[in-house]
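K.L.:
One structure coming up, written as structure tokens, with questions to follow.
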Amino acid sequence: MQDHRKNPRLLGSMGKHFPRTHALAAGAASFALALTLFISPPEVEAKRTALPVSLSAPEEAPVIAEAVAEPEVNASASVMEGLRVVQETVRNGDTLSDLFQRAGISSAEMYQLLASGKEAKQLAKLVPGEELTFQINGEGSLQTLELHRDRLSKVEFSRDSSDEYKYALHQRQPDSYTAFRQAEIQSSLFVDGSKAGLSNNLIMEMADIFGSDIDFALDIRKGDSFSVVFNEEFLDGEKIGNGAIQAVTFTNQGKTFSAVRYTDSNGDTNYFTPDGKSMRKAFIRTPVDIGRISSHFNPRRLHPIFKTRRPHNGTDYAAPRGTPVYSAGDGRVIKAGYSKANGNYVFVQHGERYITRYLHLNKRSVKRGQRVKQRQVIGTVGSTGYATGPHLHYEFLVDGHHRNPATIVRQLPKAKAIPSAEMARFQAQTQPLIAQLERFGQPALAQNQDESDETKDSVN
Ligand SMILES: [Zn+2]
């Protein structure tokens, strides 16, 4: 695999432009080449297992002779301005005491540090792989402790002249570069998306953006294609992750959909069509991610507990207790409480005409009067009230009448478009992205252009 990170021609241009190489590779015939060129190094987003490190001191107080402890095999030590520097990596099962012991510092000093303020409490939540740097003076006393949580942040506790620990958080900003990927689907969205160098997260993000227009489980065909503009984040020349998708087009069975990301003047970020219509429906299809319909909307149902004919005014989703329940759309909580029949419940009003109701919650996480966003967690699945097992009873009312939640959403309009007052701002921000997407997404067009022009184009 070609390492484009170290290719100055690529990296040098990425800050403001698409890599020049893309123009050469964009022709349909060179498509395979483009795939090879743009494959990213594996992402450094690996999740670490959170293993809380116990604070408890060892049963028997460790005998720590001053500055006796030699650094262990995995630690490195050096002398700097009269300070001894010891680096320790948190291992599985390590307690903070273990780390202090390995660095040769007394537990009394550890407790002094832990008592120095609320910021020191995070030392109790170390994760294997994190690094600690101890700076120790000639008397074996801790002067500075640095916690390297990840490559972007460093927490520092340093002892000042009055023997108190001062806390400082140092954060680095990664360099953000615009990247472009495109692919034609030969086997599946995931296979061809990964071949084109997209992470699974970006593929899912793309599927989510077009989720109300394309059914990615059923509608995808061989020959469908997509182009994506997004940011890649680098630290010291090494890729550390991806930013959000900035612009994307997807051609599904001959029909092309485009979307751009836009943060409005209120600070809300959403995806829109290039002419400012919202990409998302006003309501999500189901207010839980996992679960299955255990009881359909049925105005003539036989009630499972009362064995009498009672309308079932909603859809039941059976899901494990504790599964997050989302607000189906933006709105305001008009009721949140408990009743014998409903258990914990939340009602949300959306605009003038719509109300959604969520019953039998294990926990409620919103209050009456509170504004909620679409997909904001409002509670968790439970079995409070009249319920035979953990499930969400979900109702959807239009103008005060119960409708079938499983089918109504498809008939409803999309979320709000860009208001005319904000259209100029929207266009100023998104048109450059759309222009890039079009240029790079159309090989013929790119080929016809003077390459030197292309490398001068600025992304922002
Ligand atoms: Zn029900």
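The values are calculated or read from the model by the stated rules, or taken from the named source; none is laboratory data. The structure presented is a predicted model; accordingly, all values stated were derived computationally and were not measured. Glycine also receives a Cβ, built like all others from the backbone with ideal geometry; neighbour counts cover every protein chain displayed. When the accessible area is computed, the model is the full protein with side chains, heavy atoms only, and any ligands, DNA or RNA have been set aside. Shrake-Rupley method; radii C 1.70, N 1.55, O 1.52, S 1.80 Å.
K.L.:
Can you tell me how many residues within the range 114-134 are closer than 13 Å to Val155 by Cα and either in contact with a Cys (Cβ under 7 Å, 6 or more places away or on another chain) or not charged (D, E, K, R) (or both)?
P.N.:
Final tally of qualifying residues: 7.
K.L.:
Quick one: which of Ile245, Ile290 is farther than 28 Å from Val381 by Cβ, among the β-branched types (Val, Ile, Thr) and either open to solvent by less than 60 Å² (accessible area, probe 1.4 Å) or modelled with pLDDT under 90 (or both)?
P.N.:
None of the other options fit; the residue is Ile245.
K.L.:
Right, next: Among the residues of the range 284-293, are any of a type outside the set (Phe, Trp, Tyr), away from the ligand (no atom under 16 Å from the Cβ) and not in a loop (DSSP other than H, G, I, E, B)?
P.N.:
no
K.L.:
Take the residues of the range 294-309 that are assigned to a strand (DSSP E or B) and touching a Ser or Thr at 6+ places or on another chain (Cβ under 8 Å): which is nearest to the ligand (Cβ to nearest atom)?
P.N.:
Among residues in the range 294-309 that are assigned to a strand (DSSP E or B) and touching a Ser or Thr at 6+ places or on another chain (Cβ under 8 Å), the one nearest to the ligand (Cβ to nearest atom) is Ser295.
K.L.:
Restricting the range 228-239 to residues that are open to solvent by 10 Å² or more (accessible area, probe 1.4 Å) and touching a strand residue (DSSP E or B) at 6+ places or on another chain (Cβ under 6 Å), which is farthest from Leu433 (Cα to Cα)?
P.N.:
Taking the candidates together, the pick is Glu233.
K.L.:
Return the residues of the range 127-140 that are buried (at least 16 other Cβ atoms within 10 Å of the Cβ) and more than 22 Å from Gly241 (Cα to Cα); say none if nothing qualifies.
P.N.:
Answer for the range 127-140, where residues must be buried (at least 16 other Cβ atoms within 10 Å of the Cβ) and more than 22 Å from Gly241 (Cα to Cα): Leu132, Thr133, Phe134, Gln135, Ile136, Gly140.
K.L.:
Quick one: Leu412 ticks every box in (1) open to solvent by 30 Å² or more (accessible area, probe 1.4 Å); (2) in contact (Cβ under 8 Å) with a residue 60 or more places away in the chain except a single one, so which number is it?
P.N.:
Of everything listed in (1) open to solvent by 30 Å² or more (accessible area, probe 1.4 Å); (2) in contact (Cβ under 8 Å) with a residue 60 or more places away in the chain, Leu412 misses just condition (1).
K.L.:
When the residues of the range 310-344 are filtered to those that are more than 20 Å from Ile378 (Cα to Cα) and touching a strand residue (DSSP E or B) at 6+ places or on another chain (Cβ under 6 Å), which remaining residue is nearest to the ligand (Cβ to nearest atom)?
P.N.:
For the range 310-344, the residue satisfying everything is His312.
K.L.:
Determine which member of the set Val346, Val381, Val377 is within 28 Å of the chain's Cα centre (by Cα) and surrounded by fewer than 16 Cβ atoms within 10 Å (Cβ to Cβ).
P.N.:
Val377
K.L.:
What are the pairs with Cβ atoms under 7 angstrom where one residue, in the range 157-169, is without any contact (Cβ under 8 Å) to a residue 24 or more places away in the chain and within 14 Å of Ile136 (Cβ to Cβ) and the other, located anywhere, is surrounded by 10 or more Cβ atoms within 10 Å (Cβ to Cβ) and among the charged types (D, E, K, R)? Sequence gap at least six, or different chains.
P.N.:
Ser158/Lys166
K.L.:
How about the range 418-460: which of its residues are part of a loop (DSSP other than H, G, I, E, B), open to solvent by 70 Å² or more (accessible area, probe 1.4 Å) and at pLDDT 80 or above?
P.N.:
Within the range 418-460, Pro419 is the sole residue that qualifies.
K.L.:
Here is a follow-up. Any chance you could count how many residues in the range 356-371 are open to solvent by less than 50 Å² (accessible area, probe 1.4 Å), out of contact with any Pro (no Cβ under 9 Å at 6 or more places or on another chain) and either within 16 Å of the ligand (Cβ to nearest atom) or of a type in the set (Ser, Thr, Tyr) (or both)?
P.N.:
Residues that pass the stated criteria total 2.
K.L.:
Here is a follow-up. Which ones in the range 372-407 are among the basic types (Lys, Arg) and either within 15 Å of the ligand (Cβ to nearest atom) or not in a loop (DSSP other than H, G, I, E, B) (or both)?
P.N.:
Result: Arg403, single match.
K.L.:
Across the range 253-263, what is the number of residues that are surrounded by 16 or more Cβ atoms within 10 Å (Cβ to Cβ) and of a type in the set (D, E, K, R)?
P.N.:
Looking only at that region, the number is 1.
K.L.:
When the residues of the range 175-204 are filtered to those that are of a type in the set (Gly, Ala, Ser) and outside any loop (DSSP other than H, G, I, E, B), which remaining residue is nearest to Phe226 (Cα to Cα)?
P.N.:
That would be Ala183.
K.L.:
Conditions first: (1) free of Cβ contacts under 8 Å to residues at least 40 places away in the same chain; (2) of a type in the set (Phe, Trp, Tyr); (3) open to solvent by less than 30 Å² (accessible area, probe 1.4 Å). Phe190 passes all but one, so which condition is the exception?
P.N.:
Only one criterion is unmet by Phe190, namely (3).
K.L.:
Here are some conditions: (1) within 24 Å of the chain's Cα centre (by Cα); (2) at positive phi. Gly140 meets all but one. Which one does it not meet?
P.N.:
Condition not satisfied by Gly140: (1).
K.L.:
Across the range 96-116, what is the total count of residues that are part of a loop (DSSP other than H, G, I, E, B) and either at pLDDT below 90 or hydrophobic (A, V, I, L, M, F, W, C) (or both)?
P.N.:
3
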